[in-house]
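Data first, discussion second: the structure below is written as structure tokens.
The values are calculated or read from the model by the stated rules, or taken from the named source; none is laboratory data. What you see is a predicted model; the values in this text were computed from it and never measured. For neighbour counting, all protein chains shown are included, and Cβ atoms are generated from backbone atoms with ideal geometry for every residue, glycine included.
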């Protein structure tokens, strides 16, 4: 395996609040301009609101939207300027022009500490599987859910998780990170029957430093996993793995920012780039002082030739 590739800061937070818990970067287009879309789940430890952010590739300029709750994810849709957002106990649409938040479906009988977290679109664009988390990261009260578009129905597929994070689809196979167990589980999804069948562990990451957090499809049966490391280390990590063999294929480092939350692959004129969000969440003051780039977005070169196709949410209309 080649040595780790060093990532550089792409976007530094303007304020401490903006870098608290950035997650879920996605390739995005707004008003005909190529951009990045991501969420800041919350702006402080006790905050009940979060943000959406967009950064344009042509100028490096950004736009931000304060949301009425804590967003776990934001995914592009087939409606220009409208994104699907999971927020608190609901999933709905947010119009970036009008600031209108329209809930489509809600968690059935949620625990008070259970919040919507990471998500992925099914390959046909007609459904979304999303996970939830215990805000205290303490008990297995969270799980996996299915939202089908059209009827806007939300069903609980399975429970017993504490923090369901990154997700990747390969056909009807879902790969899901269960962060506290440090594993990537494999499931078979029958969206019509609204059933999820466990199919073993795809990656056992218990020997890796840090906790697996976000995950992105890297094509050809491989994924990039971001590691959130709470220890006082000099750099964060993201690693590309082969889902079939568990082999480590590539690694990237984020100097001065150990808490890497999510990866995103984007096609740029000079090749495929890896974008990584990082966070300051939970950092003691002395650690934060020694991690000057924590909370920033990073970018790095990759050896990949193409970015796997990523479906948008089909809202219609």
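Quick notes
- Sole exception among (1) surrounded by fewer than 15 Cβ atoms within 10 Å (Cβ to Cβ); (2) under 20 Å from the mean Cα position of the chain (by Cα); (3) more than 23 Å from residue 311 (Cα to Cα) for residue 60, by number: (2)
- Here the condition is being touching a helix residue (DSSP H, G or I) at 6+ places or on another chain (Cβ under 8 Å) and outside any strand (DSSP E or B); of 48, 43, it holds for 43 alone.
- Taken over segment 198-217, the residue count meeting the criterion of being part of a strand (DSSP E or B) and surrounded by 14 or more Cβ atoms within 10 Å (Cβ to Cβ) is 10.
- Only one of the numbered conditions (1) over 29 Å from residue 142 (Cβ atoms); (2) surrounded by fewer than 19 Cβ atoms within 10 Å (Cβ to Cβ) is not met by residue 55, and that is (2).
- Cβ-Cβ under 8 Å pairs, at least 6 apart or on other chains, segment 1-30 side free of Cβ contacts under 8 Å to residues at least 60 places away in the same chain and on the phi < 0 side of the Ramachandran plot, far side part of a loop (DSSP other than H, G, I, E, B) and surrounded by fewer than 19 Cβ atoms within 10 Å (Cβ to Cβ): 17/44; 17/47
- From 36, 10, residue being crowded, with 17+ Cβ neighbours inside 10 Å, within 25 Å of residue 252 (Cα to Cα) and within 14 Å of the chain's Cα centre (by Cα): 36
For every residue, the table says whether it meets (1) within 17 Å of the chain's Cα centre (by Cα); (2) under 13 Å from residue 5 (Cβ atoms); (3) at pLDDT 95 or above.
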{"residue": "212", "(1), (2), (3)": "yes, no, yes"}
{"residue": "225", "(1), (2), (3)": "yes, no, yes"}
{"residue": "242", "(1), (2), (3)": "no, no, yes"}
{"residue": "245", "(1), (2), (3)": "no, no, yes"}
{"residue": "256", "(1), (2), (3)": "no, no, yes"}
{"residue": "259", "(1), (2), (3)": "yes, no, yes"}
{"residue": "269", "(1), (2), (3)": "no, no, yes"}
{"residue": "272", "(1), (2), (3)": "no, yes, yes"}
{"residue": "311", "(1), (2), (3)": "yes, no, no"}
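- Residue within segment 151-168 that is in a loop (DSSP other than H, G, I, E, B), closer than 15 Å to residue 314 by Cα and under 17 Å from the mean Cα position of the chain (by Cα) present: no
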